[in-house]
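Working notes, beginning with the structure itself.
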């Protein structure tokens with residue numbers, strides 16, 4: 001079986017091209033089914049960043065032809081890549097590990113690879129390939145820190161809040177400004193267990209709208225002071241020209257907070273929160289520049305971890321290559337063993353007249369001894385052929401065995 | 001044999017101290033190597049203590065040097081409870097060099113000899129509990145120092161703040177207070193046993209005992225302030241460190257004075 005991959009991704013194809021070949025789950029499954037007809041296997045991986053077709057077939061050219069049949073639009077041609085066998089496997093392992101993603105190490109792709117595998121029409125080759133890809137992806141995530149650092153400003157804000165509070169479950173968030181930016185940052189905290197308790201905005205109607213969506217309490221800007229003693233996290237992103245929350249307002253709330261920490265995220269430009277707030281006890285303020293610096297640093301960290309992840313991917317690709325190579329010699333080994341067994345059984349049958357006088361126990365002993373002789377004779381050639389399969393000599397060994405033992409030849 | 005085990009403990013602790021510096025610079029393998037150094041060093045020191053106990057005719061850690069040996073073992077043992085968790089690993093940056101120093105001092109002062117005296121079971125237990133309590137205060141101080149270091153990084157808004165795996169401030173604050181509470185309870189039982197021993201006429205009330213009572217009172221006040229006036233965060237960490245500094249300064253002065 002040979003493996004072919006044809007696809008395009010965000011590296012060379014802009015979204016205008018990617019959207020032409022993007023497929024939903026049902027379409028991807030249908031395409032895989034049609035490509036897998038007549039002794040082939042196919043899996044279609046389609047995400048917002050890539051569409052890739054993996055096809056396994058007896059002949060590489062046929063596998064490549066089938067995989068390429070989904071990319072007939074001539075405008076796609078410059079963006080398409082074609083890979084085969086170990087290179088294709090290594091590519092899929094990198095994809096599953098998140099190393100080929102826009103944000104290195106992002107975790108969503110592993111689930112997408114799993115879905116593609118489940119919807120595909122896989123056989124022994126693609127089954128092994130995708131299971132190993134999922135294993136490689138998991139190994140990279142557990143054995144490196146590539147997915148631990150945040151890749152966006154809002155994720156960085158949430159990660160920093162965890163540096164202060166640890167578990168964010170039931171921590172109360174005060175959102176100032178009802179725009180998309182604050183909402184995105186708040187959602188990130190929300191996904192980690194925090195609760196949006198208050199939404200304050202200049203326009204009370206917009207505050208009410210956002211508050212309703214999160215089950216929070218809407219506030220006018222001048223009502224913020226009343227809730228400062230209850231909030232654990234303040235996220236602010238308004239278009240106000242000046243400071244919305246001053247140091248004195250926070251300082252006034254501190255005695256009632258009884259030493260509880262307050263984490264503040266200022267995503268606005270110009271800034272909403274008085275920078276002096278950071279000098280108050282138990283208050284930690286990060287503005288947009290601080291968060292962007294944290295993200296830049298963590299992206300550098302992801303790139304460092306990516307080197308370790310590449311080593312894991314290479315190891316898995318080597319394992320897959322060895323397995324695929326062993327497939328070349330498996331038929332020869334199977335034929336050799338079948339021939340030996342055939343001879344053993346035939347010789348025992350020839351002696352049936354004399355063996356008939358033996359007791360059952362003696363007959364079993366003869367059966368067992370002859371089987372052991374065959375196994376012992378064939379053990380070393382089998383091991384050596386499997387070892388040779390990993391190198392380029394595998395096919396030569398298989399041919400030699402077929403020739404020496406006359407495997408596949410007609411009985412004369 | 002004793003020298004071999006001491007050497008093993010010193011090498012393990014020393015390797016851990018160096019590896020944890022590497023962990024602070026680039027997290028990963030260095031941290032794992034460091035924690036294995038701690039484990040192996042601690043096992044070697046455990047073996048050393050066992051050999052001492054087996055060979056000695058009596059209680060081998062009643063001298064100041066012997067007490068330091070046992071104290072270092074307790075401090076590292078307490079660190080191992082949390083140090084195995086990646087987030088608490090860097091606590092060893094403070095603990096392991098101190099352990100190396102204490103063990104080296106114990107060796108210089110003859111604390112690894114197997115000569116024991118016969119203070120009786122009550123006094124031996126008293127000494128062990130006092131040392132365990134002080135080891136707990138040491139760990140609590142290390143947790144508070146860790147808190148202040150991490151808090152400073154947050155206040156300075158360091159871009160690399162997420163690079164190191166460090167426990168959240170809330171966890172450090174809570175753990176330091178719990179460690180003080182457990183250590184104070186241990187110390188109090190130790191003091192009570194000492195008082196019983198005094199009542200039996202074994203020894204007399206001296207400056208060390210007065211200093212120990214003052215230390216336990218200071219930690220009791222710390223816990224009281226924490227529960228009554230919500231003393232948390234930076235101020236609690238400073239107070240804990242101040243109490244520990246008092247322990248470090250007063251106890252040796254009264255002991256050797």
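Residues that are part of a loop (DSSP other than H, G, I, E, B), buried (at least 19 other Cβ atoms within 10 Å of the Cβ) and free of Cβ contacts under 8 Å to residues at least 40 places away in the same chain within segment B:164-204 comprise just one, B:168.
Conditions tested, residue by residue: (1) in contact with a strand residue (DSSP E or B) (Cβ under 7 Å, 6 or more places away or on another chain); (2) within 28 Å of residue A:309 (Cβ to Cβ).
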site: A:67; (1), (2): yes, yes
site: A:71; (1), (2): yes, no
site: A:81; (1), (2): yes, yes
site: A:108; (1), (2): no, yes
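Taking the listed residues A:195, A:171, the one that is within 23 Å of residue B:171 (Cα to Cα) and under 30 Å from the mean Cα position of the chain (by Cα) is A:195, with no other qualifying.
Selection of segment A:126-145 for residues being away from chain B (no Cβ under 14 Å) and over 14 Å from the mean Cα position of the chain (by Cα) yields A:126, A:127, A:128.
Of all residues in segment B:80-102, none are outside any helix (DSSP H, G or I), surrounded by fewer than 22 Cβ atoms within 10 Å (Cβ to Cβ), within 14 Å of chain A (Cβ to nearest Cβ) and at pLDDT 90 or above.
In segment A:284-300, the qualifying residues are those that are out of contact with any helix residue (DSSP H, G or I) (no Cβ under 8 Å at 6 or more places or on another chain) and at pLDDT below 90, and the one that is nearest to the other protein chains (Cβ to nearest Cβ) is A:300.
Within segment B:232-242, being touching a residue at least 40 places away in the same chain (Cβ under 8 Å) and either at the interface with chain A (Cβ under 8 Å from one of its Cβ atoms) or buried (at least 20 other Cβ atoms within 10 Å of the Cβ) (or both) holds for B:232, B:233, B:234, B:236, B:237, B:240. The selection criterion, being at pLDDT 90 or above, in contact with a strand residue (DSSP E or B) (Cβ under 8 Å, 6 or more places away or on another chain) and more than 14 Å from every other protein chain (Cβ to nearest Cβ), does not hold for residue A:178. Listed conditions (1) within 14 Å of chain B (Cβ to nearest Cβ); (2) without any contact (Cβ under 8 Å) to a residue 12 or more places away in the chain; (3) part of a helix (DSSP H, G or I) are all met by residue A:213, apart from (1).
Scanning segment A:304-318 turns up at least one residue that is in a helix (DSSP H, G or I), away from chain B (no Cβ under 14 Å), loosely packed, with under 15 Cβ neighbours inside 10 Å and modelled with pLDDT under 90.
Only one entry in B:22, B:28 is closer than 30 Å to residue A:141 by Cα, free of Cβ contacts under 8 Å to residues at least 12 places away in the same chain and either in contact with a strand residue (DSSP E or B) (Cβ under 7 Å, 6 or more places away or on another chain) or surrounded by fewer than 22 Cβ atoms within 10 Å (Cβ to Cβ) (or both), namely B:28. The set of residues in segment B:207-231 that are without any contact (Cβ under 8 Å) to a residue 12 or more places away in the chain and either within 14 Å of another protein chain (Cβ to nearest Cβ) or within 17 Å of residue B:134 (Cβ to Cβ) (or both) comprises B:217, B:227, B:228, B:229, B:230, B:231. Filtering segment B:144-158 to residues that are surrounded by fewer than 19 Cβ atoms within 10 Å (Cβ to Cβ) and facing chain A (nearest Cβ under 8 Å) leaves B:155, B:157. Within segment B:137-170, the set of residues being in contact with a strand residue (DSSP E or B) (Cβ under 9 Å, 6 or more places away or on another chain) and over 27 Å from residue B:222 (Cβ atoms) comprises B:157 only.
Number of residues in segment A:67-102 that are touching a helix residue (DSSP H, G or I) at 6+ places or on another chain (Cβ under 8 Å), closer than 18 Å to residue A:146 by Cβ and not in a helix (DSSP H, G or I) equals 5.
Among the residues of segment A:243-283, write down those that are in contact (Cβ under 8 Å) with a residue 60 or more places away in the chain, within 14 Å of chain B (Cβ to nearest Cβ) and assigned to a strand (DSSP E or B).
The answer is A:263, A:265.
Under the condition of being surrounded by fewer than 20 Cβ atoms within 10 Å (Cβ to Cβ) and touching a residue at least 40 places away in the same chain (Cβ under 8 Å), which residue from segment A:146-155 is nearest to the chain's Cα centre (by Cα)? It comes out as A:151.
The requirement of being out of contact with any strand residue (DSSP E or B) (no Cβ under 8 Å at 6 or more places or on another chain), part of a loop (DSSP other than H, G, I, E, B), within 14 Å of chain B (Cβ to nearest Cβ) and under 22 Å from residue A:181 (Cα atoms) is fulfilled somewhere in segment A:193-202, by at least one residue.
All of A:70, A:97 fail the test of being buried (at least 18 other Cβ atoms within 10 Å of the Cβ), farther than 15 Å from residue A:128 by Cα and modelled with pLDDT under 90, apart from A:70.
The values are calculated or read from the model by the stated rules, or taken from the named source; none is laboratory data. What you see is a predicted model; the values in this text were computed from it and never measured. Reconstructed Cβ throughout: ideal geometry from the backbone, glycine too, with neighbour counts over all protein chains shown.
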